[in-house]
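Structure, as structure tokens:
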Amino acid sequence: MIEGLTVLAVIVARGGSKGLPRKNVLDLGGKPLIAWSVEAAKATPAIDRVILSSDDAEIIAAATAAGCEVPFVRPVELATDTASVHDVLVHALDRLDRTYDVVVLLQATSPFRTPNDIDACLALIAGGAPAAMSVVLAAKPPQWYYTLNASGCLRRAFESAAQPDRRQDAPTYYYPNGAVYAARTAWYREHRNFSSPETMAHIMPAERSIDIDSGLDLALARTLLKDIKMGAAS
């Protein structure tokens, strides 16, 4: 609870990952990937309840072992490549025996978010924002991006935008890193989205913004952990 608002955290993880099969239960630092999100949520004092939405028995077992509540199994039709995360979240809200003032969505693929990151988003909600999400500084301005036409020729992605020669001459851009999404539940049910002109941002550093969706992402996360351990030992 924060400022009198009850808070529910929903961790979402399905079993049918194609980019990195079984990614949610792969080992990272001696525990399954899903456990990182469970532990971060349970260590956040403002969160009153932590639940998992998953269709997969192995993921459910790993989350349960980490201390997460699993009050239902996600239906097959909400565990496909085309299923909307918003449909998944509304399904979770509908399945519970009580309501909460604030809902927090945590994707299992963001292991390095901290309780402080979750708290920061909840503080923005408590301060009056209807929604908040974590973001990270974009490494390159979008004006530098290109698409390819049918012949393989480059075409600027944003023809109408000025193309800066140097990164420091471009405006500052951020994008959602997938780590934390939060909203007042009634507002979320109405909008079925976390993004709006009223949504506030919590900025996270790049090293905590890894979203594991490929073998390269997992290798990078493991390398970061190894570097952190070596630094702590020195």
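Evaluated against (1) surrounded by fewer than 15 Cβ atoms within 10 Å (Cβ to Cβ); (2) closer than 12 Å to Ala35 by Cα; (3) in contact with a strand residue (DSSP E or B) (Cβ under 7 Å, 6 or more places away or on another chain), Gly67 falls short on exactly one condition, (3).
Every listed requirement among (1) touching a helix residue (DSSP H, G or I) at 6+ places or on another chain (Cβ under 6 Å); (2) part of a loop (DSSP other than H, G, I, E, B); (3) modelled with pLDDT of 95 or more is met by Ala161 save one, (3).
In the range 124-151, the residue that is nearest to Asn177 (Cα to Cα) out of those that are surrounded by fewer than 14 Cβ atoms within 10 Å (Cβ to Cβ) and among the hydroxyl-bearing types (Ser, Thr, Tyr) is Tyr145.
On the stretch given as the range 192-213, residues that are touching a Phe, Trp or Tyr at 6+ places or on another chain (Cβ under 9 Å), of a type in the set (A, V, I, L, M) and assigned to a loop (DSSP other than H, G, I, E, B) total 2. Every residue in the range 1-48 that is within 29 Å of Ala186 (Cβ to Cβ), in contact with a helix residue (DSSP H, G or I) (Cβ under 8 Å, 6 or more places away or on another chain) and exposed (fewer than 15 other Cβ atoms within 10 Å of the Cβ), please. Answer for the range 1-48, where residues must be within 29 Å of Ala186 (Cβ to Cβ), in contact with a helix residue (DSSP H, G or I) (Cβ under 8 Å, 6 or more places away or on another chain) and exposed (fewer than 15 other Cβ atoms within 10 Å of the Cβ): Glu3, Ala43, Pro45.
The values are calculated or read from the model by the stated rules, or taken from the named source; none is laboratory data. Only a predicted model underlies this, so the values are computations on that prediction, with no experimental measurement involved. All Cβ positions, glycine included, derive from the backbone under ideal geometry; neighbour counts span all protein chains shown.
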